Amino acid sequence: MKETIAEKIDGMLIEIAGEKLSLHSDKYLYFVHYNVLVISDLHLGKMDHFRKNGVAVPPGLDQNDNEKLTELLHSIQPDVCVFLGDLFHSDYNDAWELFCNTLKAFCNIRFVLTVGNHDILRKDFYTNAAIQLVDKLIIGSFVLSHEAVSVDPGQYNIHGHIHPGVALRGKGRQHLKLPCFYFGNIRGVMPAFGKFTGLARMKKMDGDRIFAITSKALIEV
C-alpha cells in the first residue's frame, strides 16, 4: 500500500540513509515506509502581515497554499503530517482561521510542528488546532527539525529554515534560480512550501545530491 501511495503521488523515489523517500515538485517529502508527509516553511499569514505593515503583496497566496495542502492531505492520507517550522509567519491574523478550517477535515491525521523561529503564536492556538509542538521528531533513523541539529551516528537530520535554492546556467550568461531539495552526508534541507519566500543558494560539495524544482518536475543537478 505504501509503495502504491508513493507511485500515485508521482514523485521522485530516492534512497537516503537506507530509507525510501519520495520527493515532489510541489515541495513536499513523503516517507514511504512510515506513511509520513513532511512540509517545511509554509509562512502562512505572511501576506496579511506585510499588508498590515504597508507592503503591497499579491492577494490570494495564503488561499492557494491552503488549497494545495488540502489536496495533498486528501491524496496521500498520511498517518502523520510534519511541519518543519515557520508554519505561521508572525502574529495572529485571519489566515490562521483559514488554516485551522483546513485541518478540521483531517481529524484522523496526527499533525506535528517542529517549532521554528517564526512560530510565535501562543501555545493554545496550536493546541486548539490539534497540532503537537516538539523541538524535533525522530522517524526511524531520521531526525526532523526546523534548523540543523546534531545527530548521533547512524542518524540523518532533515530540516528547513534555509529555503534552499540552486542556480541553473544556460548558454551565455543565462541562469535561473530555482528552489531545491538538498541532501548532504548527514543532513538534508527541505524547500519552503510557501510561495512568498526567498531562496538561499546552496553550494554542492562532493557526495551531495541536489534536486532542482521546476513547476512540473524535479531535476537532479
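All of the numbers you see were taken from the coordinates with simple rules; none came from a lab. Everything quoted here is computed from the prediction, not taken from an experiment. Cβ coordinates were reconstructed from backbone atoms using ideal geometry, including for glycine residues, and neighbour counts include every protein chain displayed.
Points worth noting:
- Estimated translational D of segment 73-114 in µm²/s (Stokes, Kirkwood radius over Cα pairs; 4 °C; 1.567 mPa s): 114 µm²/s
- HN-Hα J in Hz across segment 126-141 - Karplus 6.51, -1.76, 1.60, θ = phi - 60°, x for Gly and Pro: 6, 4, 5, 8, 6, 10, 7, 9, 9, 7, 7, 9, 9, 10, x, 8
- Residues M205, M190, M12 arranged by fewest to most Cβ contacts within 10 Å: M205, M12, M190
- With Cα atoms defining each centre, segment 177-221 and segment 139-172 are spaced 9 Å apart in the structure.
- Tensor-based shape of segment 97-212 (alpha-carbon gyration tensor, a/c under 1.5 rounded, otherwise prolate or oblate): oblate
- Hull volume per residue, based on the alpha-carbon atoms of segment 89-142 and their convex hull, is 87 Å³.
- Modelled FRET efficiency - R0 45 Å, E15 with N128, Cβ distances, 0.05 increments: 0.70
- Counting every other Cβ atom within 10 Å of each residue's Cβ, I213, I158 order from fewest to most as I213, I158.
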